[in-house]
Amino acid sequence: MTDRLDQPRAPGRGFRPPALDAESFGNFAEKFARFMGTPQFLVWMTVVVVVWVTINLVGVLGMRWDPYPFILLNLFFSTQASYAAPLILLAQNRQADRDRLSIEEDRRRAAAQKADTEYLSREIAGLRMALGEVATRDFIRSELAKLGEELARQPKSSALRKGHEARLDIS
C-alpha cells in the first residue's frame, strides 16, 4: 500500500529515534568527558592534526583533499566541539546531582550526630546530678571513722564495745 500525500500518516508509523537508556548514555558521557581531559587525548588529537596538515600540504601519495585553509579540518573540529560540549555538560550535571545527594546525606548524618551528642550530653548531666547525691566510698569511710571516734568517747560497757568494734572492723 502506498502512502497518500493528501492524508497524514497513521500514529506510530514513521521515523522513531532509538530509545536510549539515560543511565548508559550518562555513563558514556562521563567516560567521554573524562577521556577528553587526559594528556592521551591531546597527544592523539595533535598526531591527527599534524598528519592531516602534513598530508594536505605536502601531498603524500598525491592526496590533498583539504588544501591550505583546512576548511574540512575546521569543520571536524567544530563538529567535535558541538558534540563534546553537551556531553561534558551532561557529565557535569550528573556529578552535580551526585554531589547534591552526598551533601544531603552528610547533612542528615550531621543532624543525627548532633541529636545523639545532645542526648548523651543530657544523660551525662543527669548522671552527674545523680552522682552528686550518692555517697562515695570515701564519704562512707569518713562517716564510719567519725562514728567510731564518737563511740570511743562514750562510756563503754565491755559487751557493747565488743559488738561495735566487730562491726567497725568491716571497713
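The values are calculated or read from the model by the stated rules, or taken from the named source; none is laboratory data. Computed from a predicted structure; not experimentally measured. Here the Cβ positions follow ideal geometry from the backbone for every residue, glycine too, while neighbour counts run over all protein chains shown.
Taking the range 11-67 as the search range and keeping residues that are under 28 Å from Ile88 (Cα atoms) and touching a Lys or Arg at 6+ places or on another chain (Cβ under 8 Å), which one is surrounded by the most Cβ atoms within 10 Å (Cβ to Cβ)?
Ala29
Where the second residue is of a type in the set (S, T, N, Q) and the first is closer than 12 Å to Glu30 by Cα and lies in the range 87-105, which pairs have Cβ atoms under 8 Å and are six or more apart or on separate chains?
Here the result reads none, with nothing in the range 87-105 linked to a residue that is of a type in the set (S, T, N, Q).
Quick check on the range 96-109. Is at least one of its residues assigned to a helix (DSSP H, G or I), at pLDDT below 90, out of contact with any Asp or Glu (no Cβ under 7 Å at 6 or more places or on another chain) and surrounded by 11 or more Cβ atoms within 10 Å (Cβ to Cβ)?
There is no residue in the range 96-109 that is assigned to a helix (DSSP H, G or I), at pLDDT below 90, out of contact with any Asp or Glu (no Cβ under 7 Å at 6 or more places or on another chain) and surrounded by 11 or more Cβ atoms within 10 Å (Cβ to Cβ).
Quickly run through the range 123-140 and pick out the residues that are assigned to a helix (DSSP H, G or I) and either among the small types (Gly, Ala, Ser) or surrounded by 10 or more Cβ atoms within 10 Å (Cβ to Cβ) (or both).
Glu123, Ile124, Ala125, Gly126, Leu127, Ala130, Gly132, Phe139, Ile140
Can you pull out every residue in the range 80-122 that is closer than 29 Å to Phe35 by Cα and hydrophobic (A, V, I, L, M, F, W, C)?
Correct list: Ala81, Ala84, Ala85, Leu87, Ile88, Leu89, Leu90, Ala91, Ala96, Leu101, Ile103.
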